[in-house]
Structures are given as structure tokens and as C-alpha cells.
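Structure first, commentary second.
The values are calculated or read from the model by the stated rules, or taken from the named source; none is laboratory data. Given the structure is predicted, the values throughout are model-derived calculations rather than measurements. Glycine also receives a Cβ, built like all others from the backbone with ideal geometry; neighbour counts cover every protein chain displayed. Quick note on the areas: whole protein, heavy atoms, side chains included, nothing else; ligands and nucleic acids left out. Shrake-Rupley method; radii C 1.70, N 1.55, O 1.52, S 1.80 Å.
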Amino acid sequence: MTSPRIAGHLLVECLMAQGVTHAFGVPGESYLAVLDGFHAHAEHIRFVVNRQEGGAAFMAEAQGKLSGRPGICFVTRGPGATNASIGLHTAFQDSTPMILFVGDVASDARDREAFQEVDFASFFGPSTKGMAKRVERIDDPRRIPEYVARAFATAMNGRPGPVVLVLPEDMLTQTVEAEPLPRIEALSIAPDPQAMQRLCEQLMLAQRPLVIAGGGGWSPQAALDLQRFAELWQLPVVNAFRFQDCFDNHHPLYAGDMGLGINPALAQRIKDSDVILAVGPRLGEATNGGYALIEAPVPRQKLLHIHASAEEIGRVYQAAVGVCATMGAATAALRTMQPPANPTWAAWTEACHSDYLANIDPANGGVTFPGSIDMPALMHTLQAQLPSDAVLTNGAGNFASWLHRFYRYSGWAKGAKTQLAPTNGAMGYGVPAGIAASILTGRTVFTIAGDGDFLMNGQELATAVQHGAKTIVLLLNNGTYGTIRMHQEREYPAHVSGSDLNNPDFCRLAEAYGYAAERVSQTCEFGPALERALANTRGTLIEISLDPEVITTRGTLSAIRNRPRS
């Protein structure tokens, strides 16, 4: 017979039934009963206490990316929930499964503008078109198992994304005798055979085909199946923006990644292609260069679009063939498609890969950067010293372009996800995402951050130290919000406004949190510093003062300012 216990304990038991081992959050009095549930079940599930709700939500989003199952975040009402919204928006745009639990005002105070009361259905709901797939409030504690199971199913199925469950404070303290429901697994949706036949026929007619991989729902097997398909058909493969670990960057069929700072040669290849097979990505604005590479709503190229959500196919682009299928089922079907005996695009494929190799060769940059730091050389050092399964994380800013251009991700096909990066361009993501990766996987974690980006969530180093996480943070300090400064120089040359930063002593700040820290002023110093960081049992911050002129991987700030204008 089921033993009675308070609803907050039942909620924790429902998470355990779904296989959750870690939850991230900032405590609040609105869900004390849940915190007591974490205490009661501490041997089975761990509540990781954060220093700010935005950092907690980013950690949960990273958890969803790494595991393929919903990342779990708990926050309190009003200010806590609004702080967490940045992680929710990231999960939505990145197609990451996540569940945000929000402690709420008591039922008898609802709709009176009670203390910290917010209408969460309005704030987070589907009508926002960018926050959550579903928002529900649990008023009856007996239905907690139903709501939790539905949240897991909703977050994982179709286009993965975030769900919000609102928890009235008084509901959580009621006594209940319900039991958790069984573990929910993501559905595997097989592609329609007739649609796959049409896709095959269109691909057979191609002269200059490209495959674009990305989006949510990937696994090692799906990545291997995609790789096998590409090998059989000798197709060049491109990864979507910040999904650079979908296809192995070391593979001879790899053609590079789309997104901000794209290789100009690849951008031209995309425009020149006649058939594009998109496996998983929604082909958003950042991936697609402002919808310039693949024109909306009717592309110049024949678009063969495979996506897990039927609603995504045809939403922005009119595809020649649309296929609704999950990534595992779709790539398994692609792998069985018989290729032509002698593909006519063999030379095209080889040229696409040659373009990629040329792009990661620093000698082809054509730019002389000032200062004593050679950023491409630093990326080469990373490649040489980090283990192949290392998790690399970043937030938003021009600093990330060094990783995007020069680092070669192995990724899913080698057994694990290795890139955590926000496609929605959320600053402050990299530090908490890296800490979550360390806690959850125990693998080597490397984070690259700018000075502005770091100060968005640098306080989470305290979370890392408290919970035994170890990350290596490379902080590029150029005293400016570099991306904004770049745009200012392009649009309003020499009119610097609101983008300069007066920074703290980052090494002393990191040490105050409990990290080791050191400064690097010469390129030759970085390799030994990285070796020390890898050997250290604590996390390490390595600060590099970078000349603001080193603003992109392809040009200087002065060149942008002084370029001819019509």
C-alpha cells in the first residue's frame, strides 16, 4: 500500500522515476517541501544549488543537451522565474529538452497580485513563440505523476524544447498517496517510405549536393548512421550553427559549419548547391546568414528537409520533399538508401572539404594581428592537448569564433556530445554550461569566454567549487563588448558608445571563488599553462589580455572602421 507523504516528496520521487540524478536551482520558500524531498532522497538525486537562476537554467539546458533527456531546474516565483527565462529561451531556440519547475504563490492568494506573483502561462507560454512548448499549473497533488510524465514526453518528442510546471506552495505541502508513473522514453518516429523514395530520387538528380546536420535529438548511433550514409553517397556534410559535433570535423567529407563568421568559400558553396538535404536543423536565421544562403520561403536550391516536428517542415521554407522523422530513425533509413554507382559530384565533394581545410589553415588568413598572442596557435594547442571527448563550451561574443573556426570537434560519432554553445546567442552561457558538464560527466571541460561574457555568470565558479566541479576557463580580456564594438565600427565608425568595459582583476576574482588562476601574455606561455590546468585538481582560469584590434578571425577593428563606404 502506498504510504502517505507530502506532495513535495512525491514530486522528487517522480523525477527519480524518470532517471533524474541531478537538478539545478536556487532555493525559494515557495518550494521548501520539494527541497525537503531532495533531502529525503539525497542518496539518489542531487540538488545543485546555484548562485543565480540564470546560471541554474543554463546548467539545466546543458544537462538536456548532454543527455537527450530534459534538464531539470527549480526556481521560485516572480524574480526567480524571470531570471531563469534566459535559459528557457535558449532551450527553446536550441531545441533542447528541459523542464523548469517554478514555486508559486499559494492557491488562496492567486490572482490578487500576491507577493512575486506572475501569470506564468502568459510569460512563458506558447503565445510568446520563443519560451516554452507548454506551461501547466499543478493544483491537485494527486496529479503530480501525470503532469511530470507529460512534461517529459512534451519536452522530448517532436521538436525538443522546454516545459514549465508551476507549483503552488500550499499544494506541495498536502499529504498524498499517489505513486510515480513509469519512465517516459522519447518516441522514435520512422520516416514515410514514399517520402524517402522521393527524397532519394531528388538526391540522385543532384549535381552539387550538400547535407546540413543539426538540431536536437542526436545520439552516437544517429551520427554514425549519418556518417555511413555520407560515405556511401560521397556527400559533403555541413554542420549547422553551434551544432558542430553532429558530424565529425576530422572526416574527409566534412565541409565546415554554417553560422556567424562562416567561411566565405562555404557560403558560396551553399549558394551554388542545387540540392540541400537538411537532417535535423530548423535552418534558423543565424545558421542561414540572415536567410541569405537559403532564401525563404522558396529556396533556389531543392530543399529536402528532415525534421522531428511536422510543424517545422514548411513553416519557414517550402521544401521539395519534407520528411517527419526523429534523427535516429531518419539516419537509419538514409543509411539503407542505395547510392548511384558513380556519383557525378565527387569532385564537388572533394572541393568542399578542401575549402574547409584551407579555412582552418592560419596561413590563409591574410591578416596580421597586433599583440603578442597568436589565437590560431592557441587553438592548435587546445587541439593537441585536450582529450578527444573533452566538452568545449562558450557563451556569445566574437571570442567564440576562434573555437568555431579552428577547433575540430569529434562529437557524437565518437560516442559523446562535445560542444555546448547557445544558438540564440545568450551571453553568460559558457561558464555554467561547463560546470554542469563537469558535474554530470566527469570529463575534461574547457570554456572560452570574453570579459563581458564571463561577468554575466562568473559567480557560478562558486557553484563549481562547492559541488566539486573542475573546468578550465580561458578568458579573453579585451576591455570591450567586442561584438557590439565591431558592429558600431561598421555602422557608426569611431563612435564608441556603451561598449567599453572597466574590468576587475579576473585572476584575483577567480581565486576568491576557489579557482586557480594565471595570466598568459605570450603565445608560448599558453601550452604550459594549459598543462598545469589539466593536471590541477581544481578548476583554473587563464586570463589573456587581447588587443581590441583582434576583433574577428578575419580582420581587425581598424580595417572594419576604415573600409570604403558608398
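Would you tally the residues in the stretch 417-463 being β-branched (Val, Ile, Thr), open to solvent by 10 Å² or more (accessible area, probe 1.4 Å) and either assigned to a helix (DSSP H, G or I) or free of Cβ contacts under 8 Å to residues at least 40 places away in the same chain (or both)? First the steps, then the outcome.
Quick first cut of the stretch 417-463, residues β-branched (Val, Ile, Thr) only: 418, 423, 431, 435, 439, 441, 444-445, 447-448, 463.
Adding the requirement that they be open to solvent by 10 Å² or more (accessible area, probe 1.4 Å) leaves 423, 439, 441, 444.
Remaining after also requiring either assigned to a helix (DSSP H, G or I) or free of Cβ contacts under 8 Å to residues at least 40 places away in the same chain (or both): 439, 441.
Result for the stretch 417-463: 2.
Taking only the stretch 44-60 into account, find how many residues are out of contact with any Ser or Thr (no Cβ under 8 Å at 6 or more places or on another chain) and assigned to a loop (DSSP other than H, G, I, E, B).
Residues that pass the stated criteria total 1.
Which numbered condition in (1) assigned to a helix (DSSP H, G or I); (2) open to solvent by less than 20 Å² (accessible area, probe 1.4 Å) is the only one that residue 146 fails?
(2)
Quick check on the stretch 486-494. Is at least one of its residues of a type in the set (Gly, Ala, Ser), more than 22 Å from residue 375 (Cα to Cα) and at pLDDT below 95?
Filtering the stretch 486-494 for residues of a type in the set (Gly, Ala, Ser) gives 494.
If we keep only those that are more than 22 Å from residue 375 (Cα to Cα) too, we end up with 494.
Okay, now just the ones that are also at pLDDT below 95, so 494.
Yes.
Which residues, counting only those in the stretch 95-143, are open to solvent by 50 Å² or more (accessible area, probe 1.4 Å), modelled with pLDDT of 95 or more and either touching a strand residue (DSSP E or B) at 6+ places or on another chain (Cβ under 8 Å) or closer than 27 Å to residue 214 by Cβ (or both)? Break it down into steps so the answer makes sense when it comes.
Just the residues of the stretch 95-143 that are open to solvent by 50 Å² or more (accessible area, probe 1.4 Å), to begin with: 107-108, 110-113, 115-116, 119, 121-123, 126-129, 133-134, 139, 142-143.
After this cut, where a residue has to be modelled with pLDDT of 95 or more as well, the list is 133-134, 139, 142-143.
Answer for the stretch 95-143, where residues must be open to solvent by 50 Å² or more (accessible area, probe 1.4 Å), modelled with pLDDT of 95 or more and either touching a strand residue (DSSP E or B) at 6+ places or on another chain (Cβ under 8 Å) or closer than 27 Å to residue 214 by Cβ (or both): 133, 134, 139, 142.
Quick one: in the stretch 339-367, which of the residues that are out of contact with any Gly (no Cβ under 7 Å at 6 or more places or on another chain) and among the aromatic types (Phe, Trp, Tyr) is farthest from residue 199 (Cα to Cα)?
348
Looking at residue 456, is it among the hydrophobic types (A, V, I, L, M, F, W, C) and at pLDDT below 95?
Values: among the hydrophobic types (A, V, I, L, M, F, W, C): yes; at pLDDT below 95: no.
So residue 456 fails the test.
What residue, among those in the stretch 467-481 that are open to solvent by less than 10 Å² (accessible area, probe 1.4 Å) and over 20 Å from the mean Cα position of the chain (by Cα), is nearest to residue 59 (Cα to Cα)?
My answer is 476.
So, of the residues in the stretch 61-79 that are surrounded by fewer than 24 Cβ atoms within 10 Å (Cβ to Cβ) and in a helix (DSSP H, G or I), which turns out to be farthest from the chain's Cα centre (by Cα)?
79
Going by the conditions given, is residue 396 under 21 Å from residue 557 (Cβ atoms) and either modelled with pLDDT of 95 or more or among the aliphatic types (A, V, I, L, M) (or both)? Break it down stepwise before answering.
On the way: under 21 Å from residue 557 (Cβ atoms): yes; either modelled with pLDDT of 95 or more or among the aliphatic types (A, V, I, L, M) (or both): yes.
Spelling it out, residue 396 is indeed under 21 Å from residue 557 (Cβ atoms) and either modelled with pLDDT of 95 or more or among the aliphatic types (A, V, I, L, M) (or both).
Which residue is nearest to residue 66 (Cα to Cα), if the candidates are limited to the stretch 11-48 and must be of a type outside the set (A, V, I, L, M) and free of Cβ contacts under 8 Å to residues at least 12 places away in the same chain?
Here is the first cut: in the stretch 11-48, the residues of a type outside the set (A, V, I, L, M) are 13-14, 18-19, 21-22, 24-25, 27-31, 36-39, 41, 43-44, 46-47.
Retained after the next criterion (residues that are free of Cβ contacts under 8 Å to residues at least 12 places away in the same chain): 39, 43.
Details: 39: 26, 43: 22 Å.
By that ranking, first place goes to 43.
Within the bounds of the stretch 265-272, is there any residue that is within 25 Å of residue 418 (Cα to Cα) and touching a His at 6+ places or on another chain (Cβ under 6 Å)?
There is no residue in the stretch 265-272 that is within 25 Å of residue 418 (Cα to Cα) and touching a His at 6+ places or on another chain (Cβ under 6 Å).
Being touching a residue at least 60 places away in the same chain (Cβ under 8 Å), within 21 Å of residue 480 (Cα to Cα) and either open to solvent by less than 20 Å² (accessible area, probe 1.4 Å) or in contact with a strand residue (DSSP E or B) (Cβ under 9 Å, 6 or more places away or on another chain) (or both) is the filter here; which residues of the stretch 379-416 pass it?
393, 395, 396, 397, 398, 399, 402, 404
If you take the residues of the stretch 164-177 that are of a type in the set (A, V, I, L, M) and over 14 Å from residue 15 (Cα atoms), which of them is surrounded by the fewest Cβ atoms within 10 Å (Cβ to Cβ)? It would help to see each step written out before you state the result.
Let us first name the residues in the stretch 164-177 that are of a type in the set (A, V, I, L, M), namely 164-167, 171-172, 176.
From what is left, the residues that are over 14 Å from residue 15 (Cα atoms) are 164, 166-167, 171-172, 176.
Working: 164: 27, 166: 24, 167: 27, 171: 24, 172: 28, 176: 22.
Taking the candidates together, the pick is 176.
From the residues in the stretch 3-43 that are under 27 Å from the mean Cα position of the chain (by Cα) and assigned to a helix (DSSP H, G or I), which one is farthest from residue 80 (Cα to Cα)?
Only one residue tops the list, namely 17.
Is it true that residue 28 is open to solvent by 10 Å² or more (accessible area, probe 1.4 Å) and either of a type outside the set (S, T, N, Q) or under 21 Å from residue 153 (Cα atoms) (or both)? Spell out the reasoning first.
Working: open to solvent by 10 Å² or more (accessible area, probe 1.4 Å): no; either of a type outside the set (S, T, N, Q) or under 21 Å from residue 153 (Cα atoms) (or both): yes.
Spelling it out, it is not the case that residue 28 is open to solvent by 10 Å² or more (accessible area, probe 1.4 Å) and either of a type outside the set (S, T, N, Q) or under 21 Å from residue 153 (Cα atoms) (or both).
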